[in-house]
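Report on one structure; see the data block that follows.
Coordinate-derived values only; no laboratory data. Given the structure is predicted, the values throughout are model-derived calculations rather than measurements. Here the Cβ positions follow ideal geometry from the backbone for every residue, glycine too, while neighbour counts run over all protein chains shown.
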Amino acid sequence: MLTRRNYSDLIPSSQITSESIYSERRFLMKLTASAVALAGSPLFAALSYEREKSDGGLELTSYDQITTYNNFYEFSTDKEAPARLAKNFKIKPWTLSIGGEVQKKVTLDIDQLLKLIPAQERIYRFRCVEGWSMVVPWVGIPLASVLKYVGLTSKSKYVEFQTLFDPKQFPAQRQTFGTISFPYREGLRIDEAMNPLTLLAVGLYGKELLPQNGAPIRLVIPWKYGFKSIKSIVSITLHQSQTHSTWNEMAPKEYGFFANVNPTVDHPRWSQARERPLGHFFKQDTLMFNGYEREVAHMYKNIDLKKFF
Ligand SMILES: Nc1nc2c(c(=O)[nH]1)N[C@H]1C(S)=C(S)[C@@H](COP(=O)(O)O)O[C@H]1N2
Ligand SMILES: [Mo]
């Protein structure tokens, strides 16, 4: 059973919540030693940054919208429910295992990982396949840095990610007839995984991730539909052949393995040409590769994007 609906089915919230407008040059934030350390979480005590100014800034979606309107089917298919149901979700201790076709298999906790690879801020557009979008100031580490740390082999062709399986904590994992099969799994081709845009996020708005957004660590792939950005990851496994992908396996005609944002390739049940930013009444045009064409188009040069959607 598919419960995914087009966003336009829903009543738009007329609340305008542009807390602040930040300037950015593309997505890269300039890291400076002189900048003020982020307050609050000890996790980010060492992280300091300064927003690089330029024109063409993206308007950030409010913290409130990002943390209360969520797709997290392990909790519920209802978008408002995860924030409520995830209140007691345990993110400590948490270990992330990296294995399969790597030179060095490791199991790390998040603090160890952040000591190895310092976190940075990235402001990215995020587009759900359902037709809503947001702009998020993520805090995270490039997946490429993690993969370089464990070392690739000639057999490292795909990367698979798995969400925690814990029916005690995830209500939907206790249901016999659920919506999707758990654990949630996603995959990337190795060049996609190594692309500098691909981020393992541990925070947003300078704060540690809340459970509803995929704490303590989740993937963010800004040029792909949101379902590729798997939450609450416990394992990363390198493979020689194409990996599992939960939504793709569940409905292959509706959700591709690539799932690249593409306004010219419609979902069988709705158009993908436009999107509604959270907190806005009016829709806007969806951009090719969600606006990251310059950074990612080269990876799909010889591919028919209608066939491999
Ligand atoms: N484990 C897991 N990861 C997931 C999902 C999910 O249901 N379970 N939903 C995906 C979908 S469809 C979207 S749009 C994004 C939503 O992320 P957000 O709640 O932080 O906005 O998470 C993705 N990652
Ligand atoms: Mo989504």
*Rounded Å value of the spacing that divides the Cα centres of segment 199-217 and segment 254-309*: 24 Å
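Arrange the peptides 165-171, 188-194 so that the one whose residues have, on average, the most other Cβ atoms within 10 Å appears first. Walk me through the numbers before you get to the answer.
Details: 165-171: 14.9, 188-194: 19.1.
Per-residue mean Cβ counts within 10 Å order the peptides as 188-194, 165-171.
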*asked:* Modelling each spin label as a point 7 Å along the Cα-to-Cβ direction, I'd like the residue 104/residue 88 distance in nm, to one decimal.
replied: 4.0 nm
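For the peptides 247-258, 64-75, what is the packing order when you average, over each peptide's residues, the other Cβ atoms within 10 Å and list the highest mean first?
Numbers: 247-258: 17.2, 64-75: 20.9.
Put in order of decreasing packing, that is 64-75, 247-258.
Cα-Cα over 24 Å: which of 157/228; 104/301; 157/224?
On the way: 157/228 17 Å; 104/301 32 Å; 157/224 19 Å.
Flagged as over cut-off: 104/301.
How do 244, 280 line up, fewest other C-beta atoms within 10 Å first?
Details: 244 19, 280 22.
Placing the least packed residue first, the sequence is 244, 280.
Highest mean first, what order results for 152-162, 126-136 on Cβ atoms within 10 Å?
126-136, 152-162
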